[in-house]
Amino acid sequence: MKSVSENYSLTPNNIEEFTNKGHILLRGVASKSMVETYRPIIFNIMKEIEKQSLPLSQRSDTYKRAFLQSMNLWKDESLKKIILAKRFAGIAAALLQTENVRLYYDSALYKEPGGDATPIHIDPFLINPHKVITMWMPLINLDEGLKSLIFLTASHKFFENGIPPIRIINQAIRKNLPLESYEGMERGDATFHIGSIVHGAPDNPTKKMREVLTITYYADGESLNKPNGNKILESHLTDFFSGLKPGDTAKSKSNPLIL
Ligand SMILES: O=C(O)CCC(=O)C(=O)O
Ligand SMILES: [Fe+2]
């Protein structure tokens, strides 16, 4: 079994592709045996989340119809090793071209059979999104109609702080940038995307759960921006940067330095 700390070799081409497009697919980021080790633990957590949720047919919120979600998995002793794996964080740091990264958050995103599409969006972050990166890793093979994320390639270059995301998304769409997704992802393959990119995911028309683990990192040394009245960002301040305030260097107890 490939150790979770064994380095993954990236080529200069990988880094150039990521910088230009804002996203990349990397094969075999986690070994199959690593996935087999951790998948059942996450599966059981998600079973509980499912039990506590309304049936899909009774949910009206767009994002609640798109997936079941559980965050802060790294605080579970049995999952710490995979979430804080140097192998994953090493890729994130290399793609961001930075020395070291900290954890922003982790998230299991389980798109149920019949689950809706994840709308096209730019994720909200309290940190300069050009310094934030997300690993998106399926824990099952994406076949029989299960799909990867969809990226508006190079749309990260349109990001401007203070401009509402919907305007950035519209601008990027008007430029006719290519929409790209990745075929044939297997369990343990992963995409990485920059925090400033426009992306979404198709619905789940299959009878299988789309089991995905995501880990979001940022370059060590970044500081916190103001939430500016954004409710989600206000919750990030309490949930992921507890004890810190805007302007502070982003390094709370919840943001371990990984490398
Ligand atoms: O998995 C999904 O459906 C959405 C994931 C996403 O938007 C993200 O990881 O930033
Ligand atoms: Fe997202």
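The values are calculated or read from the model by the stated rules, or taken from the named source; none is laboratory data. Since this is a predicted model, take the numbers as computed values, not measurements. Cβ atoms come from the backbone with ideal geometry, glycine included; neighbour counts cover every protein chain shown.
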Are any of the residues in the stretch 135-153 modelled with pLDDT of 95 or more, closer than 14 Å to Ile169 by Cβ and more than 13 Å from ligand 2 (Cβ to nearest atom)?
yes
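From Thr206, Thr191, Thr216, which residue is among the hydroxyl-bearing types (Ser, Thr, Tyr) and over 21 Å from Met71 (Cβ atoms)?
Details: Thr191 fails: over 21 Å from Met71 (Cβ atoms); Thr216 fails: over 21 Å from Met71 (Cβ atoms).
From the options Thr206, Thr191, Thr216, the qualifying one is Thr206.
Within the stretch 155-165, is there a residue that is touching a strand residue (DSSP E or B) at 6+ places or on another chain (Cβ under 6 Å) and in contact (Cβ under 8 Å) with a residue 40 or more places away in the chain? I'd like the intermediate steps shown before the answer.
Residues of the stretch 155-165 that are touching a strand residue (DSSP E or B) at 6+ places or on another chain (Cβ under 6 Å), as a first pass: 156.
The next check asks that each one be in contact (Cβ under 8 Å) with a residue 40 or more places away in the chain; those that pass are 156.
Looking for residues that are touching a strand residue (DSSP E or B) at 6+ places or on another chain (Cβ under 6 Å) and in contact (Cβ under 8 Å) with a residue 40 or more places away in the chain, one finds at least one in the stretch 155-165, hence yes.
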Could you please give the count of residues in the stretch 169-210 that are assigned to a loop (DSSP other than H, G, I, E, B) and surrounded by 16 or more Cβ atoms within 10 Å (Cβ to Cβ)?
17
For the stretch 146-157, which residues satisfy the criterion of being surrounded by fewer than 22 Cβ atoms within 10 Å (Cβ to Cβ), more than 11 Å from ligand 1 (Cβ to nearest atom) and not in a loop (DSSP other than H, G, I, E, B)?
Lys157
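Out of the stretch 146-186, which residues are of a type in the set (D, E, K, R) and more than 18 Å from Met135 (Cβ to Cβ)?
Step one: list which residues in the stretch 146-186 are of a type in the set (D, E, K, R), which gives 147, 157, 160, 167, 174-175, 180, 183, 186.
Those that are of a type in the set (D, E, K, R) and more than 18 Å from Met135 (Cβ to Cβ): Lys157, Glu160, Arg167, Arg174, Lys175, Glu183.
Listed residues Glu222, Glu180, Glu234, Glu186; which is touching a strand residue (DSSP E or B) at 6+ places or on another chain (Cβ under 7 Å) and of a type in the set (D, E, K, R)? First the steps, then the outcome.
Working: Glu222 fails: touching a strand residue (DSSP E or B) at 6+ places or on another chain (Cβ under 7 Å); Glu234 fails: touching a strand residue (DSSP E or B) at 6+ places or on another chain (Cβ under 7 Å); Glu186 fails: touching a strand residue (DSSP E or B) at 6+ places or on another chain (Cβ under 7 Å).
On inspection, the qualifying residue turns out to be Glu180.
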Among the listed residues Asp143, Asp123, which satisfies the condition of being part of a loop (DSSP other than H, G, I, E, B) and within 11 Å of ligand 1 (Cβ to nearest atom)?
Asp123
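Being farther than 29 Å from Glu16 by Cα, in a strand (DSSP E or B) and either touching a residue at least 12 places away in the same chain (Cβ under 8 Å) or of a type in the set (Ser, Thr, Tyr) (or both), is that true of even one residue in the stretch 71-82? Walk me through how you get there before you give the answer.
At the first step, the residues of the stretch 71-82 found to be farther than 29 Å from Glu16 by Cα are 71-81.
In the following step, the residues that additionally are in a strand (DSSP E or B) were identified as 71.
Now restrict to residues that are either touching a residue at least 12 places away in the same chain (Cβ under 8 Å) or of a type in the set (Ser, Thr, Tyr) (or both): 71.
Taking every residue of the stretch 71-82 in turn, at least one turns out to be farther than 29 Å from Glu16 by Cα, in a strand (DSSP E or B) and either touching a residue at least 12 places away in the same chain (Cβ under 8 Å) or of a type in the set (Ser, Thr, Tyr) (or both).
Residue-by-condition table, conditions (1) closer than 21 Å to Phe192 by Cα; (2) more than 14 Å from ligand 1 (Cβ to nearest atom); (3) touching a Pro at 6+ places or on another chain (Cβ under 7 Å):
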site	(1), (2), (3)
Glu222	yes, yes, no
Asn230	no, yes, yes
Ser242	no, yes, no
Lys245	no, yes, no
Asp248	no, yes, no
Ser254	no, yes, no
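Restricting to the stretch 91-114, and then to whatever is of a type outside the set (Gly, Ala, Ser), buried (at least 19 other Cβ atoms within 10 Å of the Cβ) and away from ligand 2 (no atom under 16 Å from the Cβ), can you tell me which residue is nearest to Lys147 (Cα to Cα)?
Going through the stretch 91-114, the residues of a type outside the set (Gly, Ala, Ser) turn out to be 91, 95-106, 109-113.
Among the residues that remain, those that are also buried (at least 19 other Cβ atoms within 10 Å of the Cβ) are: 91, 95-96, 101-106, 109-112.
Pick out the ones that are also away from ligand 2 (no atom under 16 Å from the Cβ) and you get 91, 95-96, 101-103, 112.
Working: Ile91: 23, Leu95: 23, Leu96: 25, Val101: 28, Arg102: 28, Leu103: 26, Glu112: 13 Å.
Going through the qualifying residues, I end up with Glu112.
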Considering residues of the stretch 53-68 that are under 22 Å from Ile120 (Cα atoms), free of Cβ contacts under 8 Å to residues at least 24 places away in the same chain and part of a loop (DSSP other than H, G, I, E, B) only, the residue nearest to the chain's Cα centre (by Cα)
Asp61
